[in-house]
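A.B. asks: I am attaching a structure below and will ask some questions about it afterwards.
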Amino acid sequence: MSPDDPLLAILACPIDKGPLLLLERGDGLYNPRLRRRYPIVDGVPRLLPASGEPVGDADHARWCAQAGTP
């Protein structure tokens, strides 16, 4: 998945239904509001609530800075 993929505009977090950020390496989607990372496996986002992984403070700060979000 790439940053200009039109699919990104319609993908949403399965829990809060808000937008997701594509991680720099393209291997996951991130919800900064809930601090949850959803993996992308073989190009397919895994967007089930159970597949979301909690994210620590360091990764949260790095990914938010990367995306320019608070």
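The values are calculated or read from the model by the stated rules, or taken from the named source; none is laboratory data. Keep in mind that this is a model prediction, so the values were computed, not measured. Positions of Cβ are backbone-derived with ideal geometry, glycine not excepted, and every protein chain shown enters the neighbour counts.
A.B. asks: Being farther than 13 Å from E53 by Cβ and in a loop (DSSP other than H, G, I, E, B) is the filter here, so list the residues in segment 21-42 that pass it. Show your work before the answer.
C.D. replies: Quick first cut of segment 21-42, residues farther than 13 Å from E53 by Cβ only: 21-22, 24-26, 32-33, 42.
Those that are farther than 13 Å from E53 by Cβ and in a loop (DSSP other than H, G, I, E, B): E24, R25, G26, P32, R33, D42.
A.B. asks: Something else: Could you tell me which of the residues R46, R37 is among the basic types (K, R), free of Cβ contacts under 8 Å to residues at least 40 places away in the same chain and in contact with a Gly (Cβ under 7 Å, 6 or more places away or on another chain)? Steps first, please.
C.D. replies: Numbers: R46 fails: in contact with a Gly (Cβ under 7 Å, 6 or more places away or on another chain).
Matching residue, one of R46, R37: R37.
A.B. asks: Take the residues in segment 1-11 that are over 12 Å from the mean Cα position of the chain (by Cα) and in a loop (DSSP other than H, G, I, E, B), then tell me which one is surrounded by the most Cβ atoms within 10 Å (Cβ to Cβ).
C.D. replies: My answer is D5.
A.B. asks: Another question about this same structure. Looking at segment 12-45 only, could you name the residues that are modelled with pLDDT under 95, surrounded by 12 or more Cβ atoms within 10 Å (Cβ to Cβ) and more than 19 Å from Q66 (Cα to Cα)?
C.D. replies: Within segment 12-45, P45 is the sole residue that qualifies.
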